[in-house]
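Read through the structure below, which is laid out as structure tokens, and then see the notes.
The values are calculated or read from the model by the stated rules, or taken from the named source; none is laboratory data. Just so it is clear, the structure is predicted and the values come from calculations on it, not from any experiment. Using ideal geometry, Cβ is built from the backbone for each residue, glycine included, and neighbour counts are taken over all protein chains shown.
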Amino acid sequence: MAEAAEMQGTPTAPVRSRLRRAAAAALVTMPLLCAVLPAPAAAAAPSADRPQAGPQTAAQGSAQASQAYARAHAHAQPQAKAGARTGSTTNAPSGKNAPSGSRTTDISVDRLTPSVPSKGDTLTVTGTVTNKSSRTVSSGHVALRLGPAMNSRSAIDQAAQRKGYLPGADGTEIDDSRVKIAALPPGVTRNFSMKVPVGDLGLGQSGVYQLGVSLTAQTKAQPYDQVLGMERSFLPWQTSGSSPKTKLTYLWPLVSSSHLTARTESDEQQTSVFRNDDLAKEIAPGGRLQQMVELGADLPVSWVVDPDLLASVDAMTKPYEVSTEDGGTEPGKGQAAAKEWLKSLQEAVRGQKIVALPFADPDLASLAHRGRAVPGALSRLRPATELAARTVETVLHTKPSTDFAWPYEGALDSSVVEVATSGGAHNVIARSDSFRETGGIPYTPTAARPIGGGTTAVVADHRLSTAFEADLTRAGASTLAVQQFLSETLSVAQQVPNRQRSIVVAPQRTPTVSQARAMAQALSALSDGGGWTRAAGLADAAKAKPDPAARRSVPGGGAYPDSLRKQELPTKAFEQIQRTQSMLNDFSEILSRKDRVVPPFGNAIDREVSNSWRGERADAERFRTSVQDYLVGLTRKVQLIHKSDLTLSGRSATIPVTVQNNLLQDVNGLRLRLTSSRALGLEVGEDQPVVVAGGHSQSVKFDTTAKANGRATVTAQLYTKEGKPYGPPMTFQVKVTSITSTVLLVIAGGVLLVVLAGIRMYTQRKRRGSDAAGAGTPGGGGDESDAGAAAEAPADDAVTDDTVADPNDPSGTSQQHRAAEQPGERGADTAAESSGPQDTGEKVDR
């Protein structure tokens, strides 16, 4: 009361009023406590956790009741992930929302060794305690608390999610573990370390025990000993030495994002160009991928590799370039690190079985849900699988297994399975949260599930697979994740100890350095001290005898998680990819050295469908566009040179069209076609083949014939062998001036002269015939015959002027005899054709 009066600074009457309100609050609170507190036997707590007996004021009683209520309800609040609840706080909160009760301080268990204790060991626990409140915490002590054994996996999950101290459920203090802690001002952190012989823990039968660390101290507002901080961990305990019945397969993924571009330098070595130099950081000492190789080398794991990563690092072992923001390149700096990383990886996997994902780790779910609507979108999946085998064998000198498909986060439905098997896989790695059991099996079944068509779903355990996905940069979070993983595996083994089962763990594809170290620590502890599991390879897990009660039906499309579906590549992405692929196919047909273009672009197209683009739609689109734009730029290096308008000064001429090749290799297989807008005015010759040496130009000539004056638009277009247009068309104007009005008048005059000559010949013949008839005598048959011969003579003379004499018969008699022998030949037509002006050659004005 003195403290309350001193704080308020008011007379005694208001104090009495305040006490009455506090007492009323206590009366209201007590029924709630009766409803939520454990039974009396379970709620018994050590004296250090309860206020000392003795006279109490109403205010103190109200405060105690409020604290008990808060402790009882702490576990009922919404919980965050267990891995995110440790660590120290530097800024102490203040005000009405300041932490109180068992959440006044934050305790972090940074180290717990050994992770799997045995008899005779000494348990060492180190960590920190931080005051999160706005009031000073008096000196007190931290101690270990051993809770009861947990007989199920759900009990472990519930304990991991619970916050604050719960009497009874959090066990009793171990006396020999107490360590004094000095007073904690707001925001202050102090370290602690305690050692306890395992024999003093009082561990009983095999199982998982909750191991907690609590702080018992006082505050000025609550001057009595109470639990002001609580942190939980888990302690797996194995007493029997029986042989393990559970096989454990742990996937160790070597996967990264896409780093290489489609661009290569023009030198003979085709120097690779990278998007950035981030991969050099990952494989450098201390980098993520360097740690994955170093840690995995000593672990019983199944290596799962993306061959694109191997190809990228292999390219870095030689001089390479890195793209800059201004569009240029600069030399990469990871050559030495790449050589060392590949050497370490080759040593780490020597003699081990490797699983190779299809090249660039394609997003099978995106292909199934969005890509199948685009014709040809699935065509690269099987070649990507074949390329994966060649790449791993070339770089690591070992033949991998390409019989496994791994959809993103193990989520699948029937369409995903169909796409996976179309690429050649017979085993699909799934996860139990998307392949949920429907038969109410009280234990974790074997991973292998035959799903029909010779395909097996290898169902990884969800809880074990996600055990290390939290932020594990803080030591407390990492230690808790390790202990929970070990405890979960022991709990699985104890479910049906006499039944042989095979469990698979498929962690995140790209674990961070801290996550990888926690994974390695857990697997090492499981190998060294955990006698309840035995390591097995992924191929063995896929061939394990299936559990007859386990689910074997593949989930339908509606069961696929919406959160993952939103991260998929859109349909328009696959449409763009197919346009790029079609363009590459056409371009490769004209190249003399396809090997310099097809592989880098084909690999880039594979990377456009990678799982690494999940949640990165903008970056994925930029990458696809960059690949397409670069290919378009290369195709335009083979182009038609623009022509200016032409003037034809003859009835026939030759039009040249120039094809330029700025590539560094020869092109062939193209055909050039000219078409005229005036088919009756200007006829163009047939298509011409195009062969152009690298860095050169070639003129292709077309014969043309003009039949009328005027302008004609001529279009030049390159075509592939399949008849597809190649590149944009080129148009130019052609003006025909050879058939002028003067020429037409001359032709008309010539025709008129021929007609007049014919009339004159006819008139002369008729007149001579009349004269001959008048001079003849009756009975003079011979004279009539001679007259007829004489009458024919002038006609022969008229034709003779227009006949062409035989150059070998100067007298011209042979031509006359030929004319006599062939009466059906029309001399007039020949004369008309010969009388026209002769062309002196073609002329093209440009």
Evaluation of Arg350 against (1) farther than 29 Å from Thr571 by Cα; (2) charged (D, E, K, R); (3) part of a helix (DSSP H, G or I) (one fails), failing number: (3)
Verdict on Lys343 being over 21 Å from the mean Cα position of the chain (by Cα) and either in a helix (DSSP H, G or I) or assigned by TED's automatic domain parsing to the domain that holds Ala516 (or both): yes
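Here is a yes/no grid of residues against (1) among the acidic types (Asp, Glu); (2) modelled with pLDDT of 95 or more:
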| position | (1), (2) |
| --- | --- |
| Leu364 | no, yes |
| Arg390 | no, yes |
| Ser401 | no, yes |
| Glu418 | yes, yes |
| Ala425 | no, yes |
| Gly439 | no, no |
| Pro442 | no, no |
| Gly452 | no, no |
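Can you say whether Ser699 is in contact (Cβ under 8 Å) with a residue 12 or more places away in the chain, surrounded by 15 or more Cβ atoms within 10 Å (Cβ to Cβ) and of a type in the set (Gly, Ala, Ser), as far as the supplied structure shows?
no
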Val632, sole failed condition from (1) at pLDDT 95 or above; (2) over 21 Å from Ile605 (Cα atoms); (3) surrounded by fewer than 15 Cβ atoms within 10 Å (Cβ to Cβ): (2)
Unmet criterion (only one of (1) in a helix (DSSP H, G or I); (2) buried (at least 22 other Cβ atoms within 10 Å of the Cβ)) for Arg390: (2)
Some residue of region 678-686 being at pLDDT 90 or above and either hydrophobic (A, V, I, L, M, F, W, C) or loosely packed, with under 13 Cβ neighbours inside 10 Å (or both): no
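Looking at Val691, Val659, can you tell me which residue is surrounded by 17 or more Cβ atoms within 10 Å (Cβ to Cβ), within 26 Å of Thr264 (Cα to Cα), outside the structural domain of Ser588 (by TED's automatic domain parsing) and among the aliphatic types (A, V, I, L, M)? Quick ask: steps written out before the conclusion?
Details: Val691 fails: surrounded by 17 or more Cβ atoms within 10 Å (Cβ to Cβ).
Of the residues listed, the single one that is surrounded by 17 or more Cβ atoms within 10 Å (Cβ to Cβ), within 26 Å of Thr264 (Cα to Cα), outside the structural domain of Ser588 (by TED's automatic domain parsing) and among the aliphatic types (A, V, I, L, M) is Val659.
So that you can scan it fast, the table gives a plain yes or no per residue for (1) of a type in the set (A, V, I, L, M, F, W, C); (2) closer than 30 Å to Pro407 by Cβ:
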| position | (1), (2) |
| --- | --- |
| Gly187 | no, no |
| Gly202 | no, no |
| Gly207 | no, no |
| Leu215 | yes, no |
| Lys220 | no, no |
| Met230 | yes, no |
| Leu248 | yes, yes |
Selection count, region 561-585, where residues are buried (at least 16 other Cβ atoms within 10 Å of the Cβ) and more than 19 Å from the chain's Cα centre (by Cα): 2
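Looking at region 710-726 only, could you name the residues that are out of contact with any Phe, Trp or Tyr (no Cβ under 7 Å at 6 or more places or on another chain), part of a strand (DSSP E or B) and surrounded by fewer than 18 Cβ atoms within 10 Å (Cβ to Cβ)? Spell out the reasoning first.
From region 710-726, those out of contact with any Phe, Trp or Tyr (no Cβ under 7 Å at 6 or more places or on another chain) are 710-713, 715-717, 721-724; that's our starting set.
This time we only want the ones that are part of a strand (DSSP E or B), so: 710-713, 715-717.
Within region 710-726, Gly710, Arg711, Thr713, Thr715 meet the criteria.
Consider Asp433 carefully, then state whether it is among the acidic types (Asp, Glu) and in contact with a Ser or Thr (Cβ under 7 Å, 6 or more places away or on another chain).
Working: among the acidic types (Asp, Glu): yes; in contact with a Ser or Thr (Cβ under 7 Å, 6 or more places away or on another chain): no.
No: the conditions fail for Asp433.
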Matching option when the condition is farther than 26 Å from Leu486 by Cα and not small (Gly, Ala, Ser), among Lys180, Lys195, Lys247, Lys163: Lys180
Qualifying residue in region 325-333 (condition: outside the structural domain of Leu381 (by TED's automatic domain parsing), under 26 Å from Glu386 (Cβ atoms) and not in a loop (DSSP other than H, G, I, E, B)): no
Test: residue in region 496-503 that is within 24 Å of Phe404 (Cα to Cα), surrounded by 21 or more Cβ atoms within 10 Å (Cβ to Cβ) and among the hydroxyl-bearing types (Ser, Thr, Tyr): yes
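On the given criteria, is Arg275 touching a residue at least 60 places away in the same chain (Cβ under 8 Å), in contact with a Ser or Thr (Cβ under 6 Å, 6 or more places away or on another chain) and surrounded by fewer than 20 Cβ atoms within 10 Å (Cβ to Cβ)?
Taking the combined requirement at face value, the residue satisfies it.
Against the definition (over 29 Å from the mean Cα position of the chain (by Cα), not basic (Lys, Arg) and not assigned by TED's automatic domain parsing to the domain that holds Gly410), how does Ile605 come out, yes or no? Break it down stepwise before answering.
Details: over 29 Å from the mean Cα position of the chain (by Cα): no; not basic (Lys, Arg): yes; not assigned by TED's automatic domain parsing to the domain that holds Gly410: yes.
So Ile605 fails the test.
Quick grid of which residues meet (1) buried (at least 22 other Cβ atoms within 10 Å of the Cβ); (2) farther than 14 Å from Val304 by Cα; (3) among the acidic types (Asp, Glu):
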{"residue": "Ala360", "(1), (2), (3)": "yes, no, no"}
{"residue": "Gly371", "(1), (2), (3)": "yes, yes, no"}
{"residue": "Val374", "(1), (2), (3)": "no, yes, no"}
{"residue": "Phe404", "(1), (2), (3)": "yes, no, no"}
{"residue": "Pro407", "(1), (2), (3)": "yes, no, no"}
{"residue": "Ala411", "(1), (2), (3)": "no, yes, no"}
{"residue": "Ser422", "(1), (2), (3)": "no, yes, no"}
{"residue": "Ile429", "(1), (2), (3)": "yes, no, no"}
Residue list for region 430-465, restricted to those being in contact with a helix residue (DSSP H, G or I) (Cβ under 9 Å, 6 or more places away or on another chain) and hydroxyl-bearing (Ser, Thr, Tyr): Ser432, Ser434, Tyr443, Thr444, Thr446, Thr455, Thr456, Ser465
Selection status of Thr105, crowded, with 18+ Cβ neighbours inside 10 Å and in contact (Cβ under 8 Å) with a residue 24 or more places away in the chain: yes
So Asp687, is it touching a Phe, Trp or Tyr at 6+ places or on another chain (Cβ under 8 Å), charged (D, E, K, R) and free of Cβ contacts under 8 Å to residues at least 40 places away in the same chain: yes
Given (1) within 28 Å of Met730 (Cβ to Cβ); (2) modelled with pLDDT of 95 or more, number of the condition Gly650 does not satisfy: (2)
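So, Phe468, is that one modelled with pLDDT of 95 or more, of a type in the set (Phe, Trp, Tyr) and touching a Gly at 6+ places or on another chain (Cβ under 9 Å) or not?
Details: modelled with pLDDT of 95 or more: yes; of a type in the set (Phe, Trp, Tyr): yes; touching a Gly at 6+ places or on another chain (Cβ under 9 Å): yes.
Yes: the conditions hold for Phe468.
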